[in-house]
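This report refers to the structure that appears directly beneath it.
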Amino acid sequence: MPSLTHSPGSAPKLSTSFEPKPKGAALSPAELPTADEVVAHTLLNCLLREVSGPEHQSVVTDGRLLLRLPRRGVLLRVALRRTSLLGAHRFTGPVSEQREGGWREVDWRRLAEYTHDELWLRTGVRNEEFLEQITSSHAGVTTALTTVRTDRAPDDRLSVYLASEQSLMFGHRFHPTPKARTGDPRAWSAYAPEAGAAFPLRHLAVRSHLIAEELADPAAVAPLDRQREDVPDGYRLLPAHPWQYETLGEHPALRAALAAGDILDLGPGGRPFAATASVRTLYDGETFLKFSLNVRITNCLRKNSSYELSGAIALTRALAPALADLAERFPGSAVLREPAYRTLALPGPDGTPDRALLEGFGVIVREGLPRRLAPGTTPLLAAAVADEYPTGAAHISRLLGGADEQRALDWWSAYLDLLLPPVLAAYFDHGLVLEPHLQNVLICIDGDGMPAQVLFRDLEGTKLVPEHHADTLAALPPEVAGPLTYDAQRGWDRVVYCLLVNHAAELLAALADLHPQAEAALWCRVREALRSYADRSGCPPRLAALLAGVPLPAKANLLTRWERKADREAGYVRLSSPLAKDILRDTTGSTR
């Protein structure tokens, strides 16, 4: 694979704090929690945040969390490794329930059943899939813990970056089924990032009139066309994810087109693409390709809907002025554009393109890292840096390498100064809702391990506030324009949730695991960064409220999954904010 830098092979070696340990950078399975503990703790996180916490049915006492499910009539407890000012505590060991005669351990299956019963009684809604999905997530964690992986000893930036993408063994700790996946379990080992999957694409040659594509830039499809040189005249190349090709291979219209010679199966070939954390987005060192997969991962079937295909290109065009402004004002940040898509447009019975094939073979081109990466920096997936457990070399404990508290605070301030201002300016100045959750951001570090740049990616979650973009939205078909928008309040909730609750708070938690006494000081640095931006920008009312300590919105992943809502329709619960001056004064003795 080519280097991530603009000049392949010229990148300096990583500093010693990033060099892999003699036995590999990741902890061994024996040093990590079991799959049973991971699933149980994840369910407790969700219950505490969305159910028992808001209903005042939880308390921390004697080093333990007590949590009641009042409708089910169950009292649970778990030991704490560390408490959190945001209520996102760290658990350790088994979960117990109170029974006659004392406390008894409760396994993850029973805890899942208790959760199921409490949610049914609370909402009046049934969900027959819920327990099966938790079981699937448990199987996913088990597989990740037992997969035998070769120690890579990465010594170049591309390998280090891909290792960070492929190190997430447990997933989102505030999602009830973070590793739930449909599809043939036997296929996962070939395509799962946790298994270090890298593989060639399947290539189809399609008659030109049966190709549908949109481009924001005439050169944007070059990454698709360069995959093969043996495409006959009159045909266009359509790369496909090999798993998706297997899934759709028996579709009658596809079989007929193959038989008629309208589509030629060129087989697998070309350079290998590596699976990134999202599973369906693959990377070859130059370009990201976001494929459709008819596989449900966590909540959603991971296919590129027709409006998402067109929406990515529409956003890339519409955002050009705003992104240019943000890049000039905040040179330590950049957004990876999505300038093209290509797909298969075989006519269905009514003469219009068959939707299953149109969406199933849709591939979105996303800019690769060489286009935006600052010279001399190494990109790392933010979710890997912030993981609760150090499962890879990108984890903050590896980056800081035993550094003292002051070094950790300096690292944190440098990162906040890169992360927060462009996201806030995008919203307030451009009506642009970025979605900077941990899996959508790359932290680019310099040779000393300090943050030097942030890269934002995945336009699927990027939305427009209508009053800022009325002309752009009016020019789009309604089925494309509608999904591209959030009203101002919903957009603000999404920004604050992704930026502070999902991202900053989780990375802060990983730093606080290293220096527990510094948690309040770390939150003070968040407040300082927000205050600094507010002073420069006139402090819009929503930002003033944030600094005053209004509750923070946290996406209700448990309730969203239970009620089987689309992610776009997810509700929020409100968390007591650690940002208020009086809270920080009480905790640190000063407001800093």
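The values are calculated or read from the model by the stated rules, or taken from the named source; none is laboratory data. Bear in mind the structure is a predicted one, so any value in this text is a computation, not a measurement. Positions of Cβ are backbone-derived with ideal geometry, glycine not excepted, and every protein chain shown enters the neighbour counts. We work out accessible area using only protein heavy atoms, side chains counted, and drop any ligands, DNA or RNA first. Shrake-Rupley method; radii C 1.70, N 1.55, O 1.52, S 1.80 Å.
Numbers for the structure displayed
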read-out: Accessible area in square angstrom per residue, segment 275-350, 1.4 angstrom probe; value: 30
read-out: Share of carbon and sulfur in the accessible heavy-atom surface of segment 383-459 [1.4 Å probe, %]; value: 44
read-out: Long-range HN-HN contacts of Leu201 with modeled amide H, under 5 Å; value: Gly269, Phe273
read-out: Contour minus Cα-Cα distance for Asp230 and Gln98 (0.36 nm per residue); value: 40.7 nm
read-out: Arg457, Arg398, ranked by accessible area, largest first (probe 1.4 Å); value: Arg398, Arg457
read-out: Accessible surface of Asp471 - all protein chains present, 1.4 Å probe, nearest 10 Å²; value: 130
read-out: Tensor-based shape of segment 483-562 (alpha-carbon gyration tensor, a/c under 1.5 rounded, otherwise prolate or oblate); value: oblate
read-out: Non-local Lys pairs in the chain, i.e. 8 or more apart or on different chains, that have alpha carbons under 29 Å apart; value: 20
read-out: Under the Karplus curve 6.51 cos²θ - 1.76 cosθ + 1.60, θ = phi - 60°, whole-Hz ³J(HN,Hα) for segment 323-330, x wherever Gly or Pro sits; value: 5, 5, 5, 5, 5, 6, 6, 10
read-out: Using θ = phi - 60° and Karplus 6.51 cos²θ - 1.76 cosθ + 1.60, couplings along segment 45-59 (whole Hz; Gly, Pro as x); value: 3, 5, 5, 5, 6, 10, 10, 6, x, x, 9, 6, 10, 8, 7
read-out: Anisotropy class of segment 436-501 from Cα gyration tensor, a/c 1.5 cut; value: prolate
read-out: Coarse-grained scattering of segment 378-481 at q = 0.19 Å⁻¹, given as base-10 log I(q)/I(0) from a Debye sum over alpha-carbon atoms; value: -0.94
read-out: Segment 164-256: Cα Rg divided by the 2.2 N^0.38 Å rule of thumb; value: 1.40
read-out: Principal axis dimensions, segment 379-428 - Cα atoms, whole angstrom, descending; value: 37, 23, 18
read-out: Linear extension gain, Ala79 paired with Thr352, 0.36 nm per residue minus alpha-carbon span; value: 92.4 nm
read-out: Where the Cα pairs of segment 234-293 fall when distances are cut into 10 Å bins, in %; value: 19, 48, 27, 5
read-out: Distance in nm between pseudo-label sites at Ile211 and Ser397 (7 Å out along the Cβ direction from Cα); value: 4.9
read-out: Values of log10 I(q)/I(0), in the order q = 0.15, 0.16, 0.25 Å⁻¹, for segment 295-388 under a Debye, Cα-only, solvent-free model; value: -0.82, -0.89, -1.23
read-out: Surface accessible to a 1.4 Å probe, per residue, for the residues of segment 409-492, Å²; value: 31
read-out: Cα-only radius of gyration and Dmax that characterise segment 48-123, units Å; value: 12.1, 34
read-out: Cα→Cβ-extended label distance, 7 Å offset, between Leu547 and His251, nm; value: 5.3
read-out: Area of Arg329 that stays accessible when all protein chains are in place (1.4 Å probe, Å², to 10); value: 100
read-out: Accessible area of Arg317 in the full protein assembly, 1.4 Å probe (Å², nearest 10); value: 120
read-out: Computed E for Ser576/Glu405 - FRET, C-beta separation, R0 30 angstrom, nearest 0.05; value: 0.75
read-out: Hydrodynamic radius of the chain per Kirkwood, over alpha carbon pairs, in Å; value: 25.0
read-out: Segment 53-175: mean projected area of Cα convex hull, nm²; value: 10.7
read-out: Nitroxide proxy distance, nm - points 7 Å out along Cα→Cβ at Thr123 and Arg271; value: 4.4
read-out: Within the chain, helix-based [θ] at 222 nm, where runs of 4 or more DSSP H residues each add -39,500 (n - 2.57), nearest 500; value: -10500 deg cm²/dmol
read-out: Sites Ala474 and Arg371, calculated FRET efficiency, Cβ-Cβ separation with R0 25 Å, nearest 0.05; value: 0.25
read-out: Dipole magnitude of segment 243-329, debye to nearest 20 (Cβ charges: Lys/Arg +1, Asp/Glu -1, about Cα centre); value: 260
read-out: Accessible area in the full protein assembly, largest first, 1.4 Å probe, for Cys444, Cys300; value: Cys300, Cys444
read-out: Backbone HN-Hα couplings from phi across segment 91-105 [Karplus 6.51/-1.76/1.60, Hz, Gly and Pro as x]; value: 9, 8, x, x, 8, 10, 10, 7, 10, 4, x, x, 9, 10, 4
read-out: Gain on full stretching of the segment that runs from Thr34 to Thr485 - 0.36 nm per residue minus C-alpha separation; value: 158.3 nm
read-out: Dipole in debye (nearest 20) - the chain, about Cα centre, beta carbon charges: Lys, Arg +1; Asp, Glu -1; value: 900
read-out: Share of Cα-Cα pairs in segment 307-458 lying beyond 26 Å, as whole percent; value: 38
read-out: Between helix 505-514 and the chain: long-axis angle, C-alpha atoms, 0 to 90°, nearest 10; value: 60
